[in-house]
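Notes follow the structure.
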Amino acid sequence: MVRDLPFPRSLPEFQRLFPDDGACAAYLEKIRWPRGFICPKCGDSQEPYRFANRPHVLRCRVCKEDTALTADTVMARTRTPLSTWFWGAYLISSLTPGMSAVQFQRQLGISRYETAFQLLHKLRAGMVRPERDRIGNVGDHVEIDETWVGGKTRGKGRGVHSQTLVIGAVEVRHKEPKEGGKAKVRRGGRYAGRLRLEVVPSRTAEVLCGFIESAVVPGTFVVTDDWGAYGKLASSFDHLPVVEGGDPQVAEDYLPIIHLVFSNLKAWLTGVHHGVRPQHLQAYLNEFTFRFNRRFYPFNSFRSLLGIGGAVDAPTYDQLYSGEWEHPTISSRHG
């Protein structure tokens, strides 16, 4: 099973597990066929032919059909060595703040910035699991709100420009204080569970409620502000609209977790990436969500990324730079 595969907990361990492309190929093979190779064309399960100079290719002994281990993954048709992909997956999944494309290029010794940028976006596409579960369940409630992401733009005068609307939904869980503990319990013992983030075009009821219906289990207790577009939630959810009235204490009492998430998101976008283009913001939201939802199990992220990456499409260079590629979202159902 994929969950039984080892994963590196340190750089020395990574080097021992994946010393060359052959070791990386063997790992991919176990992810794709946990119980042994099965030819996708004829279904034969004999040990395939292997090639020393092409470790990512297996040839069926019966039908002689070649199967690429990278087919149908974010690495499909790549010319980049598997070891580079594995190093990249390890760096992007294990470093808590993540890394920019410039840092990624330097760390992996990639000659062109454009190649590093594309590899990063391919890996980000692999961070989104198709048909992922809706959040919210018995015992939890979900906070929902929107925020504007963006800032001042040079050459456009005073004020804030090029802002993008983002909606977020986060599970709120509760931690019981330890008996005899002296530590102060913050936010009443509330902490964040799973998160969902998505770029949205407007604050209409169709858009906002459409996101919530795709992201949250029906019947969940959800808390929002009193924006009128949320009114129709009452038909599918246990809905509490909160009248903030400009009082920050009300937001702190009723929507503290989603506001904390938004604050951390903006700090991350500014601190690590120095701002991002609206065209690619969804990809960065997907990365932030991936890291956030796995923050208690950081070393599992590497293995999870490679496993998830075998079930999604990834952008080509031309699609990224032309704007043709749509980064996966909850609504698109391919993310």
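The values are calculated or read from the model by the stated rules, or taken from the named source; none is laboratory data. Predicted model only: the values in this text are computed from it and were never measured. Using ideal geometry, Cβ is built from the backbone for each residue, glycine included, and neighbour counts are taken over all protein chains shown. In case anyone asks, the SASA skips ligands and DNA or RNA and just uses the protein heavy atoms, side chains included. Shrake-Rupley method; radii C 1.70, N 1.55, O 1.52, S 1.80 Å.
Residue-level analysis places Leu281 outside the set of residues that are farther than 30 Å from Lys30 by Cα, touching a helix residue (DSSP H, G or I) at 6+ places or on another chain (Cβ under 6 Å), open to solvent by less than 10 Å² (accessible area, probe 1.4 Å) and among the hydrophobic types (A, V, I, L, M, F, W, C). In the range 71-82 there is no residue matching the filter, namely being closer than 30 Å to Ser202 by Cβ and surrounded by fewer than 19 Cβ atoms within 10 Å (Cβ to Cβ).
Exactly one residue among Arg158, Arg186 is out of contact with any helix residue (DSSP H, G or I) (no Cβ under 8 Å at 6 or more places or on another chain), at pLDDT 65 or above, of a type outside the set (Val, Ile, Thr) and exposed (fewer than 14 other Cβ atoms within 10 Å of the Cβ), and that residue is Arg186. Given the criteria under 16 Å from Leu28 (Cβ atoms) and touching a Phe, Trp or Tyr at 6+ places or on another chain (Cβ under 9 Å), does Thr80 qualify? For Thr80, the condition - under 16 Å from Leu28 (Cβ atoms) and touching a Phe, Trp or Tyr at 6+ places or on another chain (Cβ under 9 Å) - is not met. Take the range 102-149 and flag every residue that is within 20 Å of the chain's Cα centre (by Cα), among the polar types (S, T, N, Q) and crowded, with 17+ Cβ neighbours inside 10 Å. Of everything in the range 102-149, those that are within 20 Å of the chain's Cα centre (by Cα), among the polar types (S, T, N, Q) and crowded, with 17+ Cβ neighbours inside 10 Å turn out to be Gln118, Thr147. When residues in the range 191-215 are screened for being outside any loop (DSSP other than H, G, I, E, B), open to solvent by 10 Å² or more (accessible area, probe 1.4 Å) and either farther than 21 Å from Tyr284 by Cβ or of a type in the set (D, E, K, R) (or both), 8 of them pass. When the range 222-239 is limited to residues that are surrounded by fewer than 16 Cβ atoms within 10 Å (Cβ to Cβ) and not small (Gly, Ala, Ser), the one that is farthest from Gln282 (Cα to Cα) turns out to be Asp238.
Of the residues making up the range 28-61, those that are part of a loop (DSSP other than H, G, I, E, B) and in contact with a Gly (Cβ under 9 Å, 6 or more places away or on another chain) number 4.
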